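Asks: I'd like to ask some things about the structure below.
Throughout, read-outs are computed from the coordinates displayed, never taken from laboratory work. These numbers were taken from a predicted model, which means no experiment stands behind them. Note that each Cβ is placed from the backbone with ideal geometry, even for glycine, and that neighbours are counted across all protein chains shown.
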Amino acid sequence: MGVQWLLVCHGLVTLLVLVSFLCGQWPIFDGTPIQRINHFLHFGICDYFQRFVGFVFGAKGTNAIQSVEYFCCDRPNPILQVLYLAIIGGTYYLVATSSFRYIPGYYIGEVHRYISFFAVGVGVLLFLLTSLSDPGTVKSDNVSVYLSAYPYDNVIYSEKECSTCKILKPARSKHCSICGRCVARFDHHCGWMNNCIGERNIHYFMAFLLWHTLLCIYGAVAIGLILAGQVKEFRVIDILTVYYGVQNSFVSLSPHVIQWLVGAYNTQILLMMFLAIVALLIAGFFGYHAKLCLTNTTTNETFKWQDYINWQRKLSEARASSAALKASINGLTNERKPPESKWRTIFRRSPLEDVEVVVKNNIYDKGFFLNVLEIIFPLSRRRLYANTKLKSG
Ligand SMILES: [Zn+2]
Ligand SMILES: [Zn+2]
């Protein structure tokens, strides 16, 4: 099989895994192999590994796996933080040792040696800021500020006390069982950051995601420019044109050029593909969070809204079936109703309907501009600032 076909197969498999990993839970993929791959990637791998260890080492092995799982997933730990630093440091080291010798190149200037170092430095700085900053820990001495920041909507949030912290839970807060604290405007607990993402550090987190998306795109494009420069400097197109005697166009020669690049610069090509895939993954994650930020919703709230919508649906279904039962008892429905069309059922359960319910009930959504402002300048910080000004005034 030709190298170009191997590359095409590699690309298709990567795309399938990516789409399955990111979108496999969408209703449109119900019952398809994409959904099964998604389930395998999210749960199957761990399950099979646990079964394999249990089969080889018995109960001791399973217990060891469970305690490792408890330490890694249910307790604060720096494993993923160290892994992040190893990945970014390792990737930068590989790029520097394999590709910096071609800088300056035909399409890339000397300055990129320094820009790349600066870009990685900013990335690590944003990582440290997100990891080490307070996500908005709710304590007895600051609970009043957080209580005044967001009102209870009495739909997904009502006045309640945290059973662990023994303080009132402000609206939009959640008790993080991993960190053992209540966090204001709780989004999720991020294992990579070993920290919660909440009201006070969501802006660092979003900047981290955006910066790393751009960083990976920059890395992939820069390596692409280095390789294009090599093709130009070695006059590869001219040589191949003479050798194969084909028309001097990049399209007809591209399989041969790719073959030459894969042979001579395989490390750079692997790095470029790695960076492109990571860029896609982080961009998807950033897009998801940006959509949430623009509608002033949190990841935690999407689960709460889903529960609320499911509950409402069950309630209306129960009402409908009790009405139907009543009607059939009264002998009002002599004729059988035709079964509901499959398409109608799909549209009736359309996620658009769910979005409408959330939009109608989400009192925290104040429009694009104010929502973004709230991410950049947290409400509680503004309240604290106003309070101190009042006191000093
Ligand atoms: Zn709590
Ligand atoms: Zn946490």
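Asks: Evaluated at 4 °C with a viscosity of 1.567 mPa s, what Stokes-Einstein diffusion coefficient in µm²/s does the stretch 205-289 have when Rh comes from the Kirkwood expression over alpha-carbon pairs?
Replies: 90 µm²/s
Asks: Straight-line reach only, C-alpha to C-alpha below 26 angstrom: list the lysines that LYS304 could link to, leaving out same-chain residues fewer than 8 apart.
Replies: Answer for LYS304, where 26 Å is the Cα cut-off: LYS139, LYS160, LYS166, LYS169, LYS174, LYS291, LYS314, LYS360, LYS366, listed by chain and number.
Asks: According to the square roots a ≥ b ≥ c of the eigenvalues of the Cα gyration tensor, what is the shape class of the stretch 45-154, taking rounded for a/c under 1.5, prolate for a/b larger than b/c otherwise, and oblate for the remainder?
Replies: It is oblate, given that a/c is not under 1.5 and a/b is not larger than b/c.
Asks: Distance from the Cα centre of the stretch 31-56 to that of the stretch 210-243, in angstrom?
Replies: One Cα centre to the other: 38 Å.
Asks: List, in order, the whole-Hz ³J(HN,Hα) value for each residue of the stretch 70-86 obtained from phi through the Karplus relation with A = 6.51, B = -1.76, C = 1.60 and θ = phi - 60°; use x for Gly and Pro.
Replies: Karplus-based 3J(HN,Hα) across the stretch 70-86 equals 5, 5, 7, 9, 10, 10, x, 7, x, 4, 5, 5, 5, 5, 4, 4, 5 Hz.
Asks: How compact is the stretch 1-75 by the rule of thumb for globular proteins, expressed as Cα Rg over 2.2 N^0.38 Å? All intermediate terms of the calculation are to be shown ahead of the outcome.
Replies: Numbers: Rg = 17.1 Å, N = 75, 2.2 N^0.38 = 11.3 Å.
The stretch 1-75 yields a ratio of 1.51.
Asks: Hey, fewest Cβ within 10 Å first, where do ASP354, ASP238, ASP187, ASP153 land in order? Walk me through the numbers before you get to the answer.
Replies: Working: ASP354 18, ASP238 10, ASP187 25, ASP153 14.
Exposure proxy ranking, most exposed first: ASP238, ASP153, ASP354, ASP187.
Asks: With the contact rule set at Cα under 8 Å and sequence spacing of 6 or more, what percent relative contact order holds for the chain? Please list the in-between numbers first.
Replies: On the way: 356 pairs, mean separation 62.7, N = 393.
After rounding, I find 16 percent.
Asks: Would you compute, from DSSP H runs of 4+ residues alone, the mean residue ellipticity of the chain at 222 nm, taking -39500 (n - 2.57) per run and dividing by the full residue count, rounded to the nearest 500? Could you put the intermediate results ahead of the total?
Replies: Details: 16 runs with 258 residues, N = 393.
Taken over the chain, the calculation gives -22000 deg cm²/dmol.
Asks: What translational D, rounded to a whole number of µm²/s, comes out for the chain from Stokes-Einstein when the hydrodynamic radius is the Kirkwood one over Cα pairs, at 4 °C and 1.567 mPa s?
Replies: Details: Rh = 25.8 Å.
The estimated diffusion coefficient comes to 50 µm²/s.
Asks: Could you tell me the calculated FRET efficiency between LEU129 and LYS389, based on Cβ-Cβ distance and R0 = 30 angstrom, to the nearest 0.05?
Replies: Details: r = 26 Å, r/R0 = 0.86.
E between LEU129 and LYS389, to the nearest 0.05, is 0.70.
Asks: Here's another thing I want to ask about it. For TYR243 and LEU281, what is the calculated FRET efficiency with R₀ set at 30 Å and r taken between the beta-carbons, to the nearest 0.05? Mind dumping the intermediate values first?
Replies: Values: r = 39 Å, r/R0 = 1.31.
Rounded to the nearest 0.05, the efficiency is 0.15.
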